[in-house]
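*Asks:* Dropping the structure in here first, questions after.
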Amino acid sequence: MSDEDDTYEIPLQDQRVFGAGIKRKRVKFVPSTSNDPATRTPASNTSAKSVSDLYLKLVLPSDPLSTDEKAVSPGQEPDGWAVTLKDKKPAIPQVCEICNLPVLSDNASKSSNTDLTDSPPLDSKPHPHEASLAHQVCLTHSYPPSHIDRNRKGLAYLSSYGWDPDSRLGLGASGQGIQFPIKTKPKDDKMGIGVVLPNESERRKKVKTEKYDAGMVKKMYETDKRKTERLREMFYRNDDVEKYLGGG
Amino acid sequence: MADRRSEPEMPQAKRLRTGDMDPASNPYLAHHYEDEGNGYGSRNGGRNGGSTQTGLSGFKRHQTTAAQADVAENGPLNPFNNNPLSPRYFDILKTRKDLPVHKQRQEFLNMFQQTQILVFVGETGSGKTTQIPQFVLFDDLPHFNGKLVACTQPRRVAAMSVAQRVANEMDVKLGEEVGYSIRFEDVTGPKTILKYMTDGMLLREAMHDHNLTRYSCIILDEAHERTLATDILMGLLKEVALRRPDLKIVIMSATLDAQKFQRYFNDAPLLAVPGRTHPVEIFYTPEPERDYVEAALRTVLQIHANEPEGDILLFLTGEEEIEDACRKITLEADEMTREADAGPLKVYPLYGTLPPHQQQKIFEPAPPPTRKGGPPGRKVVVGTNIAETSLTIDGIVYVVDPGFSKQKVYNPRIRVESLLVSPISKASAQQRAGRAGRTRPGKCFRLYTEAAFKKELIEQTHPEILRSNLANTVLELKKLGIDDLVHFDLMDPPAPETLMRALEELNYLACLDDDGDLTALGKLASEFPLDPALAVMLISSPEFYCSNEILSLTALLSVPQVFVRPASAKKRADEMKALFAHPDGDQLTMLNVYHAFKGADAQADSKKWCREHFLSLRALQSADNVRQQLKRIMEKSELDLISTDFNDKNYYTNIRRALVAGFFMQVAKKDSSGKTYKTVKDDQSVLLHPSTVLQVDSEWVLYNEFVLTTKNYVRTVTSIKPEWLLDIAPTYYDISTFKKGEIRTALERVNDKVKRKQQTKRPGR
């Protein structure tokens, strides 16, 4: 396995989300649980810290304990990476500033998984807390620009008083207003609240089952009959054969 | 009296003046002193040194007490005009003292005196609308400063009826100390100190008097209804309060979400008066109902058959549905009375467009049992959501709530404002249920499941400002001097797109220039209490030599439908309408009706004439009234009132052209299919409403109203010529801004034709 393959085969949830990287202050990594050099952090991520990590791994090779420890607390990396693995154990679970979740939990489960699956190179790749779904959702994303036609005179007026169509804010003293007009749909029937009509596809299915005419029913009945007969025949024949064999 | 106003701080002088008609020395009034004097008289005597019993002497502005006011209210002379009080006054006074708000009068005064803005919560029936303004009068004493107290109401009818009621309570003539002001009607005088008015009227006054200097206290009643005008007023008053520290503001709401008002007004103090409510048991259906109207009718009859005495209130969505339901319930109930010995059932409709005297009928008591000892009679009121908060009908014990109401909605993308039947909110449902507990413990039958209540209903009804076309509002705000529409502090700011649409509409109507500043036309248009399109049409009508006719037409378009088409006589009604029909459209037909109505034949016995011709006398009369009011504004604005000679072949053409000047944004062109129309720029497929008289196959029509249903209709249409559009509204009909399509091609062809004509004309000159 080459490094190039690695970057292309990162599972989707492990990849950096587009636009999310800007806000990330620092890329954190969890030491690998495997000794395969090919699974080390990708070249693009090399930093002083990952180098020290690599060094630590070389110094403490294939320590049976170390994998366990990492399985328990791989994400509890305090700010200084130059601490020994033993020091990591009592560290307080770090809480992520952005999503308010302990950095530990996600990674712990991931690494224990890798242990179970006999550490295939891809899964054992460090899985930063930042890549977790919970964290990504909490990040401030950049959004696609508003659909409003920029040439509208009404927009020019609002812009001149400081309203930005792409700000995803409404009007009002603190931009607290609704962003989009209220949607409604006309109601012409007398249907009460909460009546659920079967949707189009379901209705069509029903129509299909109702379409059988007498001839088709007869045909179906006959094929059914033939099938059962054949089945019965098979049963009886087998029985007979067994009897015959048993008798012989 | 006049002197008294100018010298507010001279009780001595006052005492002298009132002294020469001291009622204590009047032998005919002596009995008042014996009757009332024992409790209050002595206290009053103690405070005032016994020199006088009348009026508001000894009252210091914003330092009065409830006890003081009580004394003054007990007469014997009217504290506000020094006339002797009538026996009826004392009768009413007794019932007034029983109202829940009265117990908290002192508490109210304490808070009122200490703060500039006060939020007051009291359920309908607590007496807040009639009593609080009077409490304020006794403490604010507006006449000492030559000012007024204003109390706003969302509905015209409420402003009128409450003013009448309070005038009776204060024993004054309506229009003198107590008056009202609604659109096109002002019943106030120089003596007026308490003015009930629609919220829209106060907003209009603010346009000319940004600081509302005429008023010393402003009470916004029914603020929970969150009408467009109330919302704007709240935003405005928040600013005015800073500029005028002497102005007192009371926000009154009937529902308990008043914390929102409190927060909005910078944590203003809140005073709540408990309503007189009893527990209401709520029932849901186990399954959703396929037909809520039918289910509602069945429920009403079921209640009548099985439940003990008590009146029923059924909420439905609109006039037609209500009238239909009333008919069906009456028929069924008659059968029940005949066959199953049920009690008599009387059914009353209730909706906004119902004439007031018919609205009053809902207060009639339930019918007595048909025979002595027989099953009790019952009253059923079938109403719209008017009955939800603003009207209190005593005796209601059962409420049937199908969960729908008709609500105005506005879609800025296709620029259509319409009334749609929509599910109500949770808050609304609770309010409806509360109606059952007014007199004794009641029951509320909801025609939906509990799960649907929890899941499908929104928490609060969207305030009107989020559901309206804001063109008129923006014009008003600009006139109010509010330019920063982005940061104007509204409780619920509208969607940016809605505001943008409004600004653009005003720009096309030339009410705003390209910088968004009010133009001369815009300023003039804001003088008229009309939609901007109507106002612009009216203002530009002298250019088309038909301002008299357009004035009539504007009035007709501002009142409810003039044509009556009862279900029982549809054919006859249509025949009568055909008598007035003008082949070029409905607006011209309406004008014909009005001219006929003003003719000698009709005026001889207008009631009979209207009945015979299936026309609404009330609508025509109010159109007449509106016309006069508008005429006054036109004269004041120096707009000429002119007409084209009726025999001129251009008489109707001029009117149609003038219509285009206001309604060029509401035009549809026939599709190539020849069946449907497409609206210009918005590309909505529409049909002409079946009620139209338009017979000619007109390519282009101008419409007054877009009716949004699954089939879209345009109602009240007139055929027009595309040349007029290019001529009268060249900026809107700038062909280069149009999308490629039928309409653009058609306009291009017209443009070419016009150009060719001009070219062939020119060499001839």
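*Asks:* Name the single residue that is modelled with the lowest pLDDT among those in region B:387-417 being among the aliphatic types (A, V, I, L, M) and over 17 Å from the mean Cα position of the chain (by Cα). Even if it seems obvious, please write down each step before you answer.
*Replies:* As a first pass, look at region B:387-417 and keep what is among the aliphatic types (A, V, I, L, M): B:387, B:391, B:393, B:396-397, B:399-400, B:409, B:414, B:416.
Those left that are additionally over 17 Å from the mean Cα position of the chain (by Cα): B:393, B:396-397, B:399-400, B:414, B:416.
Details: B:ILE393: 82, B:ILE396: 90, B:VAL397: 93, B:VAL399: 94, B:VAL400: 93, B:ILE414: 87, B:VAL416: 87.
Across region B:387-417, the extreme among qualifying residues is B:ILE393.
*Asks:* Is it the case, given these coordinates, that B:LEU480 is at pLDDT 95 or above, open to solvent by less than 30 Å² (accessible area, probe 1.4 Å) and more than 8 Å from every other protein chain (Cβ to nearest Cβ)?
*Replies:* Values: at pLDDT 95 or above: no; open to solvent by less than 30 Å² (accessible area, probe 1.4 Å): yes; more than 8 Å from every other protein chain (Cβ to nearest Cβ): yes.
Considered against the rule, which asks whether it is at pLDDT 95 or above, open to solvent by less than 30 Å² (accessible area, probe 1.4 Å) and more than 8 Å from every other protein chain (Cβ to nearest Cβ), B:LEU480 comes out as no.
*Asks:* Out of all the residues in region B:389-409, is one or more open to solvent by less than 30 Å² (accessible area, probe 1.4 Å) and assigned to a helix (DSSP H, G or I)?
*Replies:* yes
*Asks:* Could you check region B:241-263 and list, in sequence order, the residues that are out of contact with any helix residue (DSSP H, G or I) (no Cβ under 7 Å at 6 or more places or on another chain) and surrounded by 21 or more Cβ atoms within 10 Å (Cβ to Cβ)?
*Replies:* Step one: filter region B:241-263 for residues out of contact with any helix residue (DSSP H, G or I) (no Cβ under 7 Å at 6 or more places or on another chain), giving B:241-246, B:256, B:258-260, B:262-263.
Scanning region B:241-263 gives a single hit, B:ALA258.
*Asks:* Using beta carbons and a limit of 8 Å, which pairs, at least six apart or on different chains, have the first residue in region A:146-160 and facing chain B (nearest Cβ under 8 Å) and under 14 Å from B:ARG413 (Cα atoms) and the second one open to solvent by 30 Å² or more (accessible area, probe 1.4 Å) and assigned to a helix (DSSP H, G or I)?
*Replies:* What qualifies is A:GLY154/B:ARG501.
*Asks:* Provide a single number: the residues in region B:143-163 that are within 17 Å of the chain's Cα centre (by Cα) and either of a type outside the set (D, E, K, R) or open to solvent by less than 50 Å² (accessible area, probe 1.4 Å) (or both).
*Replies:* Going through region B:143-163 one residue at a time, the tally reaches 12.
*Asks:* Let me ask something else about it. If I filter region B:414-431 for residues that are aliphatic (A, V, I, L, M), in a loop (DSSP other than H, G, I, E, B) and within 11 Å of chain A (Cβ to nearest Cβ), do I get at least one hit? Spell out the reasoning first.
*Replies:* Taking region B:414-431 as the starting set, the residues that turn out to be aliphatic (A, V, I, L, M) are B:414, B:416, B:419-421, B:424, B:427, B:429.
Next, only the ones that are in a loop (DSSP other than H, G, I, E, B) stay: B:414, B:424.
Next, from what is left, pick out any that are within 11 Å of chain A (Cβ to nearest Cβ): B:414, B:424.
Checked against the condition, which is being aliphatic (A, V, I, L, M), in a loop (DSSP other than H, G, I, E, B) and within 11 Å of chain A (Cβ to nearest Cβ), region B:414-431 yields at least one hit.
*Asks:* So, one more: Restricting the search to region B:152-184, which residues are charged (D, E, K, R) and in a helix (DSSP H, G or I)?
*Replies:* The initial filter retains those residues of region B:152-184 that are charged (D, E, K, R), namely B:155-156, B:165, B:169, B:171, B:173, B:176-177, B:183.
Hits for region B:152-184 are B:ARG156, B:ARG165, B:GLU169.
*Asks:* State which residue is nearest to B:VAL562 (Cα to Cα) when the search covers only region B:592-608 and only residues that are among the hydrophobic types (A, V, I, L, M, F, W, C) and open to solvent by 30 Å² or more (accessible area, probe 1.4 Å).
*Replies:* Of all residues in region B:592-608, those among the hydrophobic types (A, V, I, L, M, F, W, C) come to B:593, B:596-597, B:600, B:602, B:604.
So of that shortlist, the ones also open to solvent by 30 Å² or more (accessible area, probe 1.4 Å) come out as B:596, B:600, B:604.
On the way: B:ALA596: 13, B:ALA600: 19, B:ALA604: 19 Å.
Checked region B:592-608; the qualifying residue nearest to B:VAL562 (Cα to Cα) is B:ALA596.
*Asks:* Just one of (1) among the basic types (Lys, Arg); (2) over 22 Å from B:ASN704 (Cβ atoms); (3) buried (at least 21 other Cβ atoms within 10 Å of the Cβ) trips up B:LYS571, so point out which.
*Replies:* Just one mismatch for B:LYS571, condition (3).
*Asks:* Moving on to the next point. What are the pairs, 6+ residues apart or on separate chains, where a residue within region A:184-196 that is facing chain B (nearest Cβ under 7 Å) has its Cβ under 6 Å from a residue that is open to solvent by 70 Å² or more (accessible area, probe 1.4 Å)?
*Replies:* Filtered contacts from region A:184-196: A:PRO186/B:THR710; A:ASP188/B:THR710; A:ILE193/B:GLU456; A:GLY194/B:GLU456.
*Asks:* So B:ALA520 ticks every box in (1) more than 14 Å from every other protein chain (Cβ to nearest Cβ); (2) in contact with a helix residue (DSSP H, G or I) (Cβ under 9 Å, 6 or more places away or on another chain) but one. Which box is left unticked?
*Replies:* (2)
Conditions tested, residue by residue: (1) open to solvent by less than 20 Å² (accessible area, probe 1.4 Å); (2) at pLDDT 90 or above.
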{"site": "B:PHE663", "(1), (2)": "yes, yes"}
{"site": "B:GLN666", "(1), (2)": "no, yes"}
{"site": "B:LYS675", "(1), (2)": "no, no"}
{"site": "B:SER685", "(1), (2)": "no, yes"}
{"site": "B:PRO690", "(1), (2)": "no, no"}
{"site": "B:VAL696", "(1), (2)": "no, no"}
{"site": "B:TYR703", "(1), (2)": "yes, yes"}
{"site": "B:LYS711", "(1), (2)": "no, no"}
{"site": "B:LEU725", "(1), (2)": "yes, yes"}
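*Asks:* Answer yes if at least one residue in region B:489-497 is on the phi < 0 side of the Ramachandran plot, more than 10 Å from every other protein chain (Cβ to nearest Cβ) and surrounded by fewer than 20 Cβ atoms within 10 Å (Cβ to Cβ), and no otherwise.
*Replies:* Restricting attention to region B:489-497, the residues satisfying the condition of being on the phi < 0 side of the Ramachandran plot are B:489-497.
This time we only want the ones that are more than 10 Å from every other protein chain (Cβ to nearest Cβ), so: none.
No, every residue in region B:489-497 fails to be on the phi < 0 side of the Ramachandran plot, more than 10 Å from every other protein chain (Cβ to nearest Cβ) and surrounded by fewer than 20 Cβ atoms within 10 Å (Cβ to Cβ).
This table checks each residue for (1) away from chain A (no Cβ under 14 Å); (2) under 27 Å from the mean Cα position of the chain (by Cα); (3) not polar (S, T, N, Q).
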residue: B:VAL250; (1), (2), (3): yes, yes, yes
residue: B:ALA258; (1), (2), (3): yes, yes, yes
residue: B:ALA268; (1), (2), (3): yes, no, yes
residue: B:LEU271; (1), (2), (3): yes, yes, yes
residue: B:PHE283; (1), (2), (3): yes, no, yes
residue: B:VAL300; (1), (2), (3): yes, no, yes
residue: B:ALA305; (1), (2), (3): yes, no, yes
residue: B:GLU309; (1), (2), (3): yes, no, yes
residue: B:PHE315; (1), (2), (3): no, yes, yes
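*Asks:* Hey, among the residues in region A:161-183 that are more than 8 Å from every other protein chain (Cβ to nearest Cβ) and assigned to a loop (DSSP other than H, G, I, E, B), which one's farthest from B:GLU239 (Cα to Cα)? It would help to see each step written out before you state the result.
*Replies:* The first filter runs over region A:161-183 and keeps only residues more than 8 Å from every other protein chain (Cβ to nearest Cβ), leaving A:164, A:166-169, A:174-175, A:183.
Now restrict to residues that are assigned to a loop (DSSP other than H, G, I, E, B): A:164, A:168-169, A:174-175, A:183.
Details: A:ASP164: 25, A:ARG168: 27, A:LEU169: 23, A:SER174: 16, A:GLY175: 18, A:LYS183: 31 Å.
So the residue we want is A:LYS183.
*Asks:* Would you confirm whether or not region B:726-744 contains a residue that is free of Cβ contacts under 8 Å to residues at least 40 places away in the same chain and farther than 20 Å from B:VAL660 by Cβ?
*Replies:* We begin by selecting, within region B:726-744, every residue free of Cβ contacts under 8 Å to residues at least 40 places away in the same chain; these are B:726-727, B:730, B:734-737, B:740, B:744.
Next, only the ones that are farther than 20 Å from B:VAL660 by Cβ stay: B:736, B:740.
Looking through region B:726-744, at least one residue is free of Cβ contacts under 8 Å to residues at least 40 places away in the same chain and farther than 20 Å from B:VAL660 by Cβ.
*Asks:* Turning to a different aspect of this structure: Out of all the residues in region B:437-457, which are within 30 Å of B:THR230 (Cβ to Cβ) and within 10 Å of chain A (Cβ to nearest Cβ)? Step through it out loud before you land on a result.
*Replies:* Step one: filter region B:437-457 for residues within 30 Å of B:THR230 (Cβ to Cβ), giving B:437-439, B:442, B:444, B:446, B:448, B:453-454, B:456-457.
Residues satisfying the conditions are B:ARG446, B:TYR448, B:PHE453, B:GLU456, B:LEU457.
*Asks:* Which residue out of B:ALA569, B:ALA502, B:ALA533 is within 30 Å of B:TYR652 (Cα to Cα) and either within 14 Å of chain A (Cβ to nearest Cβ) or outside any loop (DSSP other than H, G, I, E, B) (or both)?
*Replies:* After ruling out the rest, the residue left standing is B:ALA533.
*Asks:* Now for a different question. Here is a check on your reading of the model: is B:PHE108 buried (at least 18 other Cβ atoms within 10 Å of the Cβ), of a type outside the set (Asp, Glu), in a helix (DSSP H, G or I) and modelled with pLDDT of 50 or more?
*Replies:* Details: buried (at least 18 other Cβ atoms within 10 Å of the Cβ): yes; of a type outside the set (Asp, Glu): yes; in a helix (DSSP H, G or I): yes; modelled with pLDDT of 50 or more: yes.
Spelling it out, B:PHE108 is indeed buried (at least 18 other Cβ atoms within 10 Å of the Cβ), of a type outside the set (Asp, Glu), in a helix (DSSP H, G or I) and modelled with pLDDT of 50 or more.
The values are calculated or read from the model by the stated rules, or taken from the named source; none is laboratory data. Note that the structure is a prediction, hence the values are computed from the model and not measured. Ideal geometry is used to build each Cβ from the backbone, glycine not excepted, and the neighbour counts take in all protein chains shown. Each accessible area value is taken on the protein alone, full model and side chains, heavy atoms only, with ligands, DNA and RNA left out. Shrake-Rupley method; radii C 1.70, N 1.55, O 1.52, S 1.80 Å.
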